[in-house]
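The values are calculated or read from the model by the stated rules, or taken from the named source; none is laboratory data. Keep in mind it's a predicted model, so treat the numbers as computed, not measured. Positions of Cβ are backbone-derived with ideal geometry, glycine not excepted, and every protein chain shown enters the neighbour counts. The protein model used for the area step is the full one, side chains on, heavy atoms only, and it has no ligands, DNA or RNA in it. Shrake-Rupley method; radii C 1.70, N 1.55, O 1.52, S 1.80 Å.
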Amino acid sequence: MNNGTIRIGVLGELGVGKSELVHRICHPTAGPCSVSSWAGPTVDILDFRRPHSHEHVWVEFIVIPGETRHPKSRQMVYSVGLDALFLVCNCSIQRTFLRAAEWMEEATQIGSLMGVPVALILGGPVPVDWTSNTTLSQIINPLVTTYNAQVLDMSGYTGTLALEPRQLQLIYEFFESVITHKKSAKRTRAGLPGSAAV
């Protein structure tokens with residue numbers, strides 16, 4: 001599977017930290033991100049070396065603008081062949097969850113995105129145990145159920161710091177699930193058993 005590619009669309013409210021999160025994943029030792037999706041979709045790429053093999057996969061992130069001035073640009077991005085979605089929210093700012101279902105409905109109106117792996121990224125500068133927070137649980141659980149989303153607790157992260165090993169591990173495990181899903185989908189479309197390149 002050398003040089004295979006998975007493509008992840010990154011959704012979320014304006015200013016929630018989508019570009020910064022992707023920057024930290026792709027460039028862990030670099031300074032703060034200077035790119036914003038204000039002007040439209042942005043792209044970053046990670047050479048993901050799979051931990052239990054000698055293979056590597058290119059992970060292409062497309063950060064989708066959240067402001068309503070760009071509905072057409074979002075629709076174009078949804079149709080480029082995304083393999084997964086990141087939905088980024090900030091646990092410290094509950095309004096970032098308010099349109100979470102709206103983002104997902106908008107994205108999954110594109111038939112090819114129905115059933116793709118979804119990661120609900122819980123960010124924010126303060127660590128939060130959402131499972132014991134009644135308010136957050138009432139917001140998050142329906143999203144998990146409706147979209148079969150995996151919750152990746154990244155709370156405690158700030159844009160001026162590198163991601164912690166536990167946070168990177170969550171991200172890498174999600175990558176593996178996307179790779180598995182894409183291979184399975186390709187086998188299903190081909191109607192043949194066996195492995196397939198990503």
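So that you can scan it fast, the table gives a plain yes or no per residue for (1) open to solvent by 40 Å² or more (accessible area, probe 1.4 Å); (2) within 30 Å of Thr29 (Cα to Cα); (3) modelled with pLDDT under 90; (4) outside any helix (DSSP H, G or I):
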residue: Met76; (1), (2), (3), (4): yes, no, yes, no
residue: Cys89; (1), (2), (3), (4): no, yes, no, yes
residue: Trp103; (1), (2), (3), (4): no, no, yes, no
residue: Leu122; (1), (2), (3), (4): no, yes, no, yes
residue: Val128; (1), (2), (3), (4): no, yes, yes, yes
residue: Val178; (1), (2), (3), (4): no, yes, no, no
residue: Thr188; (1), (2), (3), (4): yes, no, yes, no
Check your understanding: Counting only residues that are part of a loop (DSSP other than H, G, I, E, B) and modelled with pLDDT under 70, which one in segment 23-65 is most open to solvent (accessible area, probe 1.4 Å)?
Key -> Ser34
Review point. In this structure, is Asp153 charged (D, E, K, R), crowded, with 17+ Cβ neighbours inside 10 Å and free of Cβ contacts under 8 Å to residues at least 60 places away in the same chain?
Key: yes
Study note, to complete from the structure: Contact list, first residue from segment 174-191 and within 16 Å of His52 (Cβ to Cβ), second anywhere and part of a helix (DSSP H, G or I) and open to solvent by 30 Å² or more (accessible area, probe 1.4 Å), beta-carbon distance below 7 Å, six or more apart or interchain, is none
**Study point:** When residues of segment 105-120 are limited to those that are of a type outside the set (S, T, N, Q) and part of a helix (DSSP H, G or I), the one farthest from the chain's Cα centre (by Cα)
**Key:** Gly111
**Study point:** Selection status of Thr158, part of a helix (DSSP H, G or I) and either modelled with pLDDT under 90 or open to solvent by 70 Å² or more (accessible area, probe 1.4 Å) (or both)
**Key:** no
